[in-house]
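Participant: The structure that follows is given in the form of structure tokens.
The values are calculated or read from the model by the stated rules, or taken from the named source; none is laboratory data. Everything numeric in this text was worked out from a predicted model, so none of it was measured. As a convention, Cβ positions derive from the backbone with ideal geometry for all residues, glycine included, and neighbour counts pool all protein chains shown.
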Amino acid sequence: MASIGKDTVLVVLQLTGANDYLNTVIPYTNPLYRDNRPNVGIPEDKVLPIDDELGFHPNMGPVKKLWDEGRMAIIHGIGYENSPRSHFRSMDIWHTCEPNRVGTEGWVGRVIRDLDPTSENVLKGVNFGQGLPRAMVLRGVPVTSVSSLESYGMLSEVPGITEEQERAQVLERFSRMYSPAIGRGPVMDYLAQTGQNVLKGADALKIAPQKYSSTVEYADTPVAKYLKSIAQVYLADLGAQVLYTQHGSFDTHFNQTPMHNKLWIDVGRAIGDFFDDLKEHDAGDNLIMMLFTEFGRRVHDNGTGTDHGAGGVAFVIGNRVKGGHYSEYPSLKPEDLQQGDLAPNYDFRGFYSTVVERWLGLDPAPIVGGHFEQLDFI
Amino acid sequence: MPGRDDMALMAHLMRRAGFGASREELEARVAKGYEATVEELLHPETQPEVDVNILYRYFPNLEGPLAPVQAQTNWVYRMINTRSPLQEKMCLFWHQLFATGNSKIDNPPEVLQQIAMFRRHGLGRFPELLVELAKNPAMIYWLDNNGNHKGAINENWGRELLELFSMGVGNYSEDDIKEASRAFTGWTIGQKIPRNPLGRFYWSFEYRPEDHDDGEKVFLGHRGRFNGDDIVNIVVQQPATARFLARHLYNFFVADEVQVPSWNITPPKDPQAIQTLVRAYNESNYDIRAVLRALLLSDFFKNARFARVKSPAELVISTVRLAGNFGPPRPGYQELAFECAYQGQELLNPPSVESWHTGQEWIDGGALVRRVNFAAKLLGDTTLPGIRTIVNQLKDRGNLSPAEFVDQCLDLIGPIQVSEDTRAELQAQAEEGGELRWGTKRQASASEHRVGVMLALIAASRDYQFA
């Protein structure tokens, strides 16, 4: 059994672009849903029913399976006050826990700092994708970002250096060029340290795909590839505790139906593959996956799609998650809407706090900037 | 034949005042002379402008209100193709200082308009630039001056003007901020055209006299019915402004200082250098060109070799220029803009009005991997035009000993300087292959390969992170 905070692992799957709450967890028997979604409403016979009020999007089969097994929590009406309904601003708010000012420190960065205060393991937090999400940025906290696990490392793309032997020799040379030498000054020393950390991280990560074997065949989609890399790193037992990736774009202003369909085929399948993989390795007890998006979408559709909203939905999936509904589905009644959008009733920082305290064993207040109501999904 | 020292100095100038220069360009500039080159750099109007007709023929959507998020691509193209590199470097400088982020503006072409304004006014007088900035629609929206009303002020612009854009913390009072904010009431933007259905349109500055508080104000000890321009005129006269601007220019062009938030408690690295720049600022009636002239001609500048960590934009653009595989319109410019973002500098979108943290703080594990891999991938590719040129120049020098091989590579790639430890490793690498020969086809092919590897190692070195 995993020791909370020592071995427990968090996977964050960010749905970028504002996933449509109403068509993901569908109030399919509510007449207001039908009235407001004349064009993009999901037909009742296509919905995957959870109960006689709510159901999942038709392409969320693999996710529903996890729900049926009691391993999935749905956090309803999540958000924060006065949503600016701007992607960038809202995503920044989710990343920095600063709804009222521009923040530059990421909450995951703080988590990594608190999990590994002396930065012993450069793989404590790993992002899979290009660049680094602001959520993971915190000055002084080393974080690894991998765009492709198979080719991660220094000097991995030099056209002339293709042979294994030469590559190894050049890397050895590189490592010597990055040996800290006395009297070169703090910046050079810092560069040496950073370079060596990367080499260490790359060496460690290299074994992840090498050690890995599985009968699960992940789909050939970007999100499935990233989740597979996450699985490989997790299963390789490298001490990585927060693994972050994203998929998008969920910004379905136009042509929502085919777009949202495809998005959930891909994400649903990838999640299914991932948890099957963990199951096969009997490694599902130490990991939970959280899914979030920057806000939900407008209640009334705009003809072919939906525009930016406010209140949204988040999920947490894992063997140790107490499945079920948490918080409340916001009312669709016109008098209860905010500018035509679902009113959020649960602060996202409570969501983070729950995960940070109950799954990672850390004090959430300095990480999310205050005390927020936690839920019992862990 | 230009002397080694002259070439090294010119390379240093072109790295700092531009994005580096090829051997050919360096030789021409050395022939022209250092002072004459500085004058040319200070006068972009004497050089042909980037030919945007060619650019838009290939990329019709790269400018204008309907430009998509690829406004960054537009700027990257200009930085690579400019014949007035100092002008583009000043755009980067002002963008760093007056950091305005698309995350809030949500209108990349409009942010690009601000850069265009820096291109026009960035080498002129500081008060003119500040007034243009105060009227810039993106800046007004960014710092909420459109919410700054007579009788109900919003202090955001007033505060940042004093704190970040001119005087620096500790040189004014909260009351000064309030009075400055009052003076800028009425400086707003016209009604924006909604984004749907036709796309993003440019915004416009609007002055609303009925919303302007024209009452008497007391600002930095001066009393009067000040409007925004009056505030600017008072601000630019302040000794604190001269010192703050000088220190920013020093940090960008001479050597990395500590981070800006510590400037009010940490003295400058070279107080005399700051004094020199302050003097030029005051004696020229606050003319940026004059300050830059004093800077670029100074000994403290000439001697500050490799004293700055390259920003991602500098690293990407200068490496690409060296490799010579970009110039005319072609696919891939957008990816260069993304690369800057992945390395930590998303052009047109600094993380906040306090801007990017520069110097050592450009580097973290993630950024270092990308910087090394990006540069090594280009400089190690002997099929690229700029690298082919280097290979041929090496060939022309005949058979080279390992020491000469390393020496010549460092010379042709910059010239750049590296530390003894780096040189020792490069030398060890060269010795593995022995003499560099070109006599037979096989030798030439092997040598070409060795050149690629050597250049990749130089690109990967710690030293290459500096300019």
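Participant: I need the full set of residues from the range A:108-122 which are part of a loop (DSSP other than H, G, I, E, B) and crowded, with 24+ Cβ neighbours inside 10 Å, in order please.
Facilitator: Going through the range A:108-122, the residues part of a loop (DSSP other than H, G, I, E, B) turn out to be A:116-122.
Selection gives A:Val122 alone.
Participant: Can you pull out the residues in the range A:13-24 that are surrounded by 20 or more Cβ atoms within 10 Å (Cβ to Cβ) and outside any loop (DSSP other than H, G, I, E, B)?
Facilitator: Filtering the range A:13-24 down to residues surrounded by 20 or more Cβ atoms within 10 Å (Cβ to Cβ) leaves A:13-15, A:17-24.
Answer for the range A:13-24, where residues must be surrounded by 20 or more Cβ atoms within 10 Å (Cβ to Cβ) and outside any loop (DSSP other than H, G, I, E, B): A:Leu13, A:Gln14, A:Leu15, A:Tyr21, A:Leu22, A:Asn23.
Participant: Testing A:Tyr80 on (1) facing chain B (nearest Cβ under 10 Å); (2) crowded, with 18+ Cβ neighbours inside 10 Å; (3) in contact with an Asp or Glu (Cβ under 8 Å, 6 or more places away or on another chain), one condition comes back false. Which one is that?
Facilitator: (1)
Participant: Looking at A:Ser179, A:Ser213, A:Ser147, A:Ser151, which one is free of Cβ contacts under 8 Å to residues at least 60 places away in the same chain, hydroxyl-bearing (Ser, Thr, Tyr), at the interface with chain B (Cβ under 9 Å from one of its Cβ atoms) and out of contact with any helix residue (DSSP H, G or I) (no Cβ under 8 Å at 6 or more places or on another chain)?
Facilitator: Selected residue: A:Ser147, the only one of A:Ser179, A:Ser213, A:Ser147, A:Ser151 that is free of Cβ contacts under 8 Å to residues at least 60 places away in the same chain, hydroxyl-bearing (Ser, Thr, Tyr), at the interface with chain B (Cβ under 9 Å from one of its Cβ atoms) and out of contact with any helix residue (DSSP H, G or I) (no Cβ under 8 Å at 6 or more places or on another chain).
Participant: So, in the range B:382-392, exactly how many residues are out of contact with any Gly (no Cβ under 7 Å at 6 or more places or on another chain) and either closer than 11 Å to A:Pro159 by Cα or at pLDDT below 95 (or both)?
Facilitator: So the count comes out to 1.
Participant: Do we find a residue being touching a helix residue (DSSP H, G or I) at 6+ places or on another chain (Cβ under 7 Å), under 25 Å from A:Asp363 (Cα atoms) and in a helix (DSSP H, G or I) anywhere in the range A:81-92?
Facilitator: Applying the first criterion (touching a helix residue (DSSP H, G or I) at 6+ places or on another chain (Cβ under 7 Å)) to the range A:81-92 yields A:83-84, A:88-89, A:92.
Then keep just the ones that are under 25 Å from A:Asp363 (Cα atoms); that gives A:92.
From the residues that got through so far, the ones that are in a helix (DSSP H, G or I) too are A:92.
Yes, because at least one residue in the range A:81-92 is touching a helix residue (DSSP H, G or I) at 6+ places or on another chain (Cβ under 7 Å), under 25 Å from A:Asp363 (Cα atoms) and in a helix (DSSP H, G or I).
Participant: Another question, then. What number goes with the only condition from (1) more than 12 Å from every other protein chain (Cβ to nearest Cβ); (2) part of a loop (DSSP other than H, G, I, E, B); (3) in contact with a Ser or Thr (Cβ under 7 Å, 6 or more places away or on another chain) that B:Gln345 does not pass?
Facilitator: Among (1) more than 12 Å from every other protein chain (Cβ to nearest Cβ); (2) part of a loop (DSSP other than H, G, I, E, B); (3) in contact with a Ser or Thr (Cβ under 7 Å, 6 or more places away or on another chain), the lone unmet condition for B:Gln345 is (1).
Participant: In this structure, is A:Trp67 part of a helix (DSSP H, G or I), more than 12 Å from chain B (Cβ to nearest Cβ) and within 22 Å of A:Ala365 (Cα to Cα)? Before the answer, list the steps.
Facilitator: Details: part of a helix (DSSP H, G or I): yes; more than 12 Å from chain B (Cβ to nearest Cβ): yes; within 22 Å of A:Ala365 (Cα to Cα): no.
It is false that A:Trp67 is part of a helix (DSSP H, G or I), more than 12 Å from chain B (Cβ to nearest Cβ) and within 22 Å of A:Ala365 (Cα to Cα).
Participant: To continue, here is another question. Among the listed residues B:Ile390, B:Ile363, B:Ile416, which satisfies the condition of being under 29 Å from A:Gly125 (Cβ atoms), of a type outside the set (S, T, N, Q) and in contact (Cβ under 8 Å) with a residue 60 or more places away in the chain?
Facilitator: Details: B:Ile390 fails: under 29 Å from A:Gly125 (Cβ atoms); B:Ile416 fails: under 29 Å from A:Gly125 (Cβ atoms).
Checking each option against the conditions leaves just B:Ile363.
Participant: On to the next question. Can you tell me which residue within the range B:437-460, out of those that are in contact (Cβ under 8 Å) with a residue 40 or more places away in the chain and not in a helix (DSSP H, G or I), is surrounded by the most Cβ atoms within 10 Å (Cβ to Cβ)?
Facilitator: So, considering only residues that are in contact (Cβ under 8 Å) with a residue 40 or more places away in the chain and not in a helix (DSSP H, G or I), the one surrounded by the most Cβ atoms within 10 Å (Cβ to Cβ) is B:Trp438.
Participant: For the subset of the range B:379-401 comprising residues that are within 14 Å of chain A (Cβ to nearest Cβ) and assigned to a helix (DSSP H, G or I), which member is surrounded by the most Cβ atoms within 10 Å (Cβ to Cβ)?
Facilitator: Residues of the range B:379-401 within 14 Å of chain A (Cβ to nearest Cβ): B:379-384, B:387-388, B:390-391.
Keeping just the survivors that are assigned to a helix (DSSP H, G or I) gives B:379, B:387-388, B:390-391.
Values: B:Leu379: 28, B:Ile387: 24, B:Arg388: 15, B:Ile390: 25, B:Val391: 19.
Applying the filter and picking the extreme gives B:Leu379.
Participant: What's the number of the only condition in (1) out of contact with any Asp or Glu (no Cβ under 6 Å at 6 or more places or on another chain); (2) within 13 Å of another protein chain (Cβ to nearest Cβ) that B:Ile317 fails to meet?
Facilitator: Among (1) out of contact with any Asp or Glu (no Cβ under 6 Å at 6 or more places or on another chain); (2) within 13 Å of another protein chain (Cβ to nearest Cβ), the lone unmet condition for B:Ile317 is (2).
Participant: Let me ask something else. I want to confirm something. Restricting to the range B:150-177 and keeping residues that are surrounded by fewer than 16 Cβ atoms within 10 Å (Cβ to Cβ) and not aliphatic (A, V, I, L, M), which single residue is modelled with the lowest pLDDT?
Facilitator: By that ranking, first place goes to B:Gly170.
Participant: A further question on this structure: Scan the range B:19-27 and give yes if some residue there is modelled with pLDDT under 95, of a type in the set (Lys, Arg) and not in a loop (DSSP other than H, G, I, E, B), otherwise no.
Facilitator: yes
Participant: Moving on. Only one of A:Glu157, A:Glu166 is at the interface with chain B (Cβ under 9 Å from one of its Cβ atoms), assigned to a loop (DSSP other than H, G, I, E, B) and closer than 19 Å to B:Asn373 by Cβ; which? Let's see the steps before the verdict.
Facilitator: Working: A:Glu166 fails: assigned to a loop (DSSP other than H, G, I, E, B).
It is A:Glu157.
Participant: Somewhere in the range B:201-209, is a residue buried (at least 22 other Cβ atoms within 10 Å of the Cβ), within 29 Å of B:Pro109 (Cβ to Cβ) and of a type outside the set (Ser, Thr, Tyr)? So that I can check it myself, show each step before the final result.
Facilitator: First, the residues of the range B:201-209 that are buried (at least 22 other Cβ atoms within 10 Å of the Cβ): B:203.
If we keep only those that are within 29 Å of B:Pro109 (Cβ to Cβ) as well, we get B:203.
With of a type outside the set (Ser, Thr, Tyr) added as a condition, the list becomes B:203.
Yes.
Participant: Are there any helices (runs of 4 or more DSSP H) wholly within the range B:86-202 with 3 or more residues that are touching a Lys or Arg at 6+ places or on another chain (Cβ under 7 Å), and if so which?
Facilitator: Numbers: elements: B:102-105, B:108-121, B:126-135, B:137-142, B:156-163, B:174-183.
Because the criterion is at least 3 residues that are touching a Lys or Arg at 6+ places or on another chain (Cβ under 7 Å), the helices (runs of 4 or more DSSP H) in the range B:86-202 that meet it are B:174-183.
Participant: Just the residues that are closer than 14 Å to B:Leu457 by Cα and aliphatic (A, V, I, L, M), please, taken from the range B:376-386. Steps first, please.
Facilitator: From the range B:376-386, those closer than 14 Å to B:Leu457 by Cα are B:376-382; that's our starting set.
Result: B:Ala376, B:Leu378, B:Leu379.
Participant: What single numbered condition from (1) in contact with a Ser or Thr (Cβ under 9 Å, 6 or more places away or on another chain); (2) surrounded by fewer than 20 Cβ atoms within 10 Å (Cβ to Cβ); (3) at pLDDT 95 or above fails to hold for A:Pro38?
Facilitator: Unmet for A:Pro38, out of (1) in contact with a Ser or Thr (Cβ under 9 Å, 6 or more places away or on another chain); (2) surrounded by fewer than 20 Cβ atoms within 10 Å (Cβ to Cβ); (3) at pLDDT 95 or above: (1).
Participant: Would you say A:Asn127 is within 11 Å of another protein chain (Cβ to nearest Cβ) and either assigned to a strand (DSSP E or B) or polar (S, T, N, Q) (or both)?
Facilitator: Criteria met by A:Asn127.
Participant: Follow-up question, since we're still on this one. Do you know which of the residues in the range A:216-245 that are hydroxyl-bearing (Ser, Thr, Tyr) and away from chain B (no Cβ under 14 Å) is nearest to A:Lys6 (Cα to Cα)?
Facilitator: Taking the range A:216-245 and keeping what is hydroxyl-bearing (Ser, Thr, Tyr), we get A:218, A:221, A:226, A:229, A:234, A:244-245.
So of that shortlist, the ones also away from chain B (no Cβ under 14 Å) come out as A:218, A:221, A:226, A:229, A:234, A:245.
Numbers: A:Tyr218: 29, A:Thr221: 32, A:Tyr226: 24, A:Ser229: 22, A:Tyr234: 14, A:Thr245: 22 Å.
Applying the filter and picking the extreme gives A:Tyr234.
Participant: For the range A:93-107, give me each residue that is surrounded by fewer than 23 Cβ atoms within 10 Å (Cβ to Cβ), part of a loop (DSSP other than H, G, I, E, B) and not hydrophobic (A, V, I, L, M, F, W, C).
Facilitator: A:Glu98, A:Pro99, A:Asn100, A:Arg101, A:Gly103, A:Thr104, A:Glu105
Participant: Of all residues being more than 13 Å from chain B (Cβ to nearest Cβ) and acidic (Asp, Glu) in the range A:92-116, which is farthest from B:Trp142 (Cα to Cα)? Just the residue, please.
Facilitator: Residue satisfying both the conditions and the ranking: A:Asp116.
Participant: Another question, then. Search the range A:25-47 for residues being among the hydroxyl-bearing types (Ser, Thr, Tyr) and in a loop (DSSP other than H, G, I, E, B), and hand back the single one that is farthest from A:Lys262 (Cα to Cα). I'd like the intermediate steps shown before the answer.
Facilitator: Here is the first cut: in the range A:25-47, the residues among the hydroxyl-bearing types (Ser, Thr, Tyr) are A:28-29, A:33.
Still in the running and in a loop (DSSP other than H, G, I, E, B): A:28-29.
On the way: A:Tyr28: 20, A:Thr29: 24 Å.
If we take residues in the range A:25-47 being among the hydroxyl-bearing types (Ser, Thr, Tyr) and in a loop (DSSP other than H, G, I, E, B), then A:Thr29 is farthest from A:Lys262 (Cα to Cα).
Participant: From the list A:Thr252, A:Thr221, A:Thr215, which one is farther than 22 Å from A:Thr16 by Cβ and β-branched (Val, Ile, Thr)? Can you show your working first?
Facilitator: Working: A:Thr252 fails: farther than 22 Å from A:Thr16 by Cβ; A:Thr221 fails: farther than 22 Å from A:Thr16 by Cβ.
Matching residue, one of A:Thr252, A:Thr221, A:Thr215: A:Thr215.
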